[in-house]
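Visitor: My questions all concern the structure below.
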Amino acid sequence: MNAWIGVADVGLVYQPWEHIYLHMAPELVLRLTRVESSRGGALRGSASLELGFTGGVGVLLGS
């Protein structure tokens, strides 16, 4: 079995107030797999592409 997973995460951070910040990021995930029988039989493969979005709010302490 062979597998390859790649992730691209390009995030943005915005600080609207002195101790509060916002984080937003699109996320792209690519998965490729290949499975081969141990006796040289059938070869199977699959691929998936996922697109998502993450975000959050943070608080800076001690600054």
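Bear in mind these aren't lab numbers, they're just calculated from the coordinates by the rules spelled out. Note that the coordinates shown come from a computational prediction; the quantities given were computed from them, not determined experimentally. In this analysis, Cβ positions are derived from the backbone assuming ideal geometry, glycine residues included, and neighbour counts consider all displayed protein chains.
Visitor: Can you tell me the order of 47-54, 25-32 when each peptide is scored by its average per-residue count of other Cβ atoms within 10 angstrom, highest first?
Guide: Put in order of decreasing packing, that is 25-32, 47-54.
Visitor: Near THR54, within a Cβ-to-Cβ distance under 15 Å, what is the net charge of the other residues, with Lys and Arg +1 and Asp and Glu -1?
Guide: Local net charge: -3.
Visitor: Calculate the spin-label point distance for THR33 paired with LEU61, positioning each point 7 Å from the Cα along the beta-carbon direction, and give it in nanometres.
Guide: Result for the modelled spin labels: 4.0 nm.
Visitor: Which of LEU28, GLY56, TRP4 sits farthest toward the positive end of the charge dipole of the chain, with +1 on the Cβ of Lys and Arg and -1 on the Cβ of Asp and Glu?
Guide: TRP4
Visitor: Once fully extended, how much extra length lies between LEU49 and TRP4, figured as 0.36 nm per residue of separation less the alpha-carbon to alpha-carbon distance? Before the final figure, lay out each step's value.
Guide: Values: separation 45, 0.36 × 45 = 16.20 nm, distance 1.20 nm.
Going from the current span to full extension adds 15.0 nm.
Visitor: Mind jotting down the three principal axis lengths of the chain based on Cα atoms? Whole angstrom, largest first.
Guide: Extents along the principal axes: 63, 22, 12 Å.
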